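A short worksheet on the structure shown next.
The values are calculated or read from the model by the stated rules, or taken from the named source; none is laboratory data. Everything quoted here is computed from the prediction, not taken from an experiment. Because the Cβ atoms are built from the backbone with ideal geometry, glycine has one as well, and the counts that use them run over all protein chains shown. Each accessible area value is taken on the protein alone, full model and side chains, heavy atoms only, with ligands, DNA and RNA left out. Shrake-Rupley method; radii C 1.70, N 1.55, O 1.52, S 1.80 Å.
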Amino acid sequence: MFSAILTLGVMGLLAALALGFAARKFAVEVDPRELALLEVMPGANCGACGFPGCGGFAKALLEGKAMVTDCSPGGADTVERIAHILGVEAIAAEPEVAVVLCQGDNLRARDKYIYQGLEDCVAAQSLAQGPKACPGGCLGLGTCARICPFDAIEMTAEGLAVISREKCTGCRKCVSACPRKVIAMTPLRTTVHVLCNSHDKGALVRKYCELGCIACHLCVKASPGAYKVENSLAQVDYDSHCDATGGIGKCPTKCIRDFILGYPEGSSFSPPVVPVQAEENP
Amino acid sequence: MADLVLIFIGALLVNNVVLARFLGICPFLGVSRKVETALGMGMAVVFVMTVASVVSWYVQYFVLSPFGLEYLQTIAFILVIAALVQLVEMVIQKVSPVLYQSLGIFLPLITTNCAVLGVAVIAIQKDYSFVETITFSLGSAAGFTLAMVLFAGLRERVDLGPVPESFRGTAIALVTGGLLSLAFMGFAGMVKG
């Protein structure tokens, strides 16, 4: 009896001493804001924000990787307190919409095999990188459309995801859901986009897609500054604020589209109204 | 040497901690949404389980047995393992933030996880020597990782499929886990262990 108490007592004491010593010796400086953030969070560690627990969310907030509003279980109250700690007003970031950078539906882009598995892009992608011959094109099985909380994504009859500029709120759920990263966030003010996501060389792109970018640089020449070609793929330079409309007609494969003039073929969305052009040049 | 191999294989497949002994079901269900996290958890378990068995072996044969206190086994093991894991967590957090990111977040979850304690106790019950204890705990931990990763892969795949509404979530996960366990029953009798 006595020896039991003594043994356990000594073991407990040793462990406590070791832990206490280690806590001093290996103390890690934590940003005081992180502790304050943890205080105001719900503490449910539910992961709704997309980070591992409230601690992960707090860290991501401080690193600027998370939005103040990402904590949905906390509600408006929590958001306000978080914003207070971080010293930000609910700053209105530039509004963004998601765009599917692809026009290669089943008629225009070749498949490399016939896919018969689950109706899901992630499942299809896990089978030899997906049935599309193009490594970046839309698989058209509608994973993004199912995950969209705002019904902003529709699948055309020929298997192409199209996102409504009016319904899209910029929540990025589809961006993270798409296994091929074919959906991009773009500023709402630009309506012209290069709808291609293939970084393959032009000759190869021609083989599998009628509407793929072949990196011919004609758009860059037509609208200097508005486009950039990187890695065999032209893109609208969204930071340049230059007018990109000049490149549309010049594109030999017609993969540049102005969404004001209409959505890709087969979409039931009506063309968006012209946004009021803000008369400011930043 | 052949004995050690048999112990390892026996712990890895035949008497898999999760799928045959049904220890450590909580992390098995809780942290198996993604293969990546399952692997991270598995690695943490490999580490903790091995260290915990080694330390508890020492405690058993150098502290408890000499004083005739074997009946304190459970409480003593929990005390030592919990303290040790906490200590290791602190050290990792200070020494290697990268390792802490990938492994450390799982450590508090398994301080005295039933699988960790179970393996330490079983090793004592079977009168394993020191080397055998290490082999056994490594095999068990590898078995745990194997079960976790297999299960996570299955769950990832199942989540994409058209699961009936009433089966979604935990229900289908338990069915999947049951089938996986049945599959591992196929190893029964392969090694006496």
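Round to a whole number: what % of the accessible area of chain A belongs to carbon and sulfur, probe 1.4 Å?
57
Return the tail of the calculated pair distribution for segment A:96-261, meaning the percent of Cα-Cα pairs more than 28 Å apart. Roughly 18 percent, once rounded to a whole number. About the centre of its Cα atoms, segment A:32-86 shows a dipole size close to 120 debye [charges on the beta carbon of Lys, Arg (+1) and Asp, Glu (-1) only; nearest 20 debye]. When Rg and the Kirkwood radius Rh are both evaluated on Cα atoms of segment B:70-163, their ratio Rg/Rh stands at 1.07. Using a probe of 1.4 Å on the protein chains alone, the accessible area found for B:Val158 is around 40 Å². A straight line joining the Cα centroids of segment A:7-41 and segment B:91-161 runs 23 Å.
For B:Ser166, the solvent-accessible surface with a 1.4 Å probe is about 100 Å², rounded to the nearest 10. Relative to its Kirkwood radius, the Cα radius of gyration of chain A gives an Rg/Rh of 1.15.
When each full DSSP H helix of chain A is screened for a Cα extent of at least 27 Å along its own axis and an average Kyte-Doolittle hydropathy of at least 1.0, the helices passing are A:2-25. Normalised per residue, the accessible area of chain B is 47 Å², obtained with a 1.4 Å probe and no contribution from ligands, DNA or RNA. Rg of the Cα atoms in the protein assembly as shown, relative to 2.2 N^0.38 Å, amounts to 1.25. Put simply, the Cα atoms of chain B extend 60, 45, 30 Å along their principal axes, the longest span coming first. Among A:Glu96, A:Glu158, A:Glu63, the largest mean-square fluctuation in a Gaussian network model of chain A (Cα springs under 10 Å) belongs to A:Glu63.
Just the number, please: buried accessible area between B and A, total of both chains, 1.4 angstrom probe, nearest 100 square angstrom.
Buried: approximately 1800 Å² between A and B.
Counting only protein heavy atoms and a 1.4 Å probe, segment A:32-86 has 57 square angstrom of accessible area per residue.
For the residues A:Lys181, A:Lys59, A:Lys132, a GNM of chain A with alpha-carbon springs under 10 Å puts the largest fluctuation on A:Lys59. Quick one: of A:Lys65/A:Lys221; A:Lys221/A:Lys254; A:Lys173/A:Lys250, which pairs are farther than 27 Å apart, Cα to Cα? Exceeds cut-off: A:Lys65/A:Lys221; A:Lys173/A:Lys250. Computed with a 1.4 Å probe on the full set of protein chains, the accessible area for A:Leu188 sits at about 60 Å². Just to be sure I understand the curve: with the Debye formula and one point per C-alpha of segment A:9-149, what is log10 I(q)/I(0) at q = 0.10 Å⁻¹? Cα-only, vacuum Debye calculation for segment A:9-149: -0.63. Restricting the chymotrypsin sites (Phe, Trp or Tyr not before Pro) of segment A:210-265 to loop positions (DSSP other than H, G, I, E, B) with no more than 11 neighbouring Cβ atoms within 10 Å leaves nothing.
For chain B, the relative contact order works out to 44 percent when only alpha carbon pairs closer than 8 Å and six or more residues apart are counted. Sorted on the mean count of surrounding Cβ atoms within 10 Å across their residues, most packed first, peptides B:71-77, A:250-256 read A:250-256, B:71-77. Loop-located trypsin sites (Lys or Arg not before Pro) across segment A:193-240 with a Cβ neighbour count of 14 or fewer within 10 Å are A:Lys201, with loop assigned by DSSP. Long hydrophobic helices in chain B: the complete DSSP H runs spanning 27 Å or more by Cα along their own axis with mean Kyte-Doolittle hydropathy of at least -0.5 are B:35-59, B:73-95, B:130-160.
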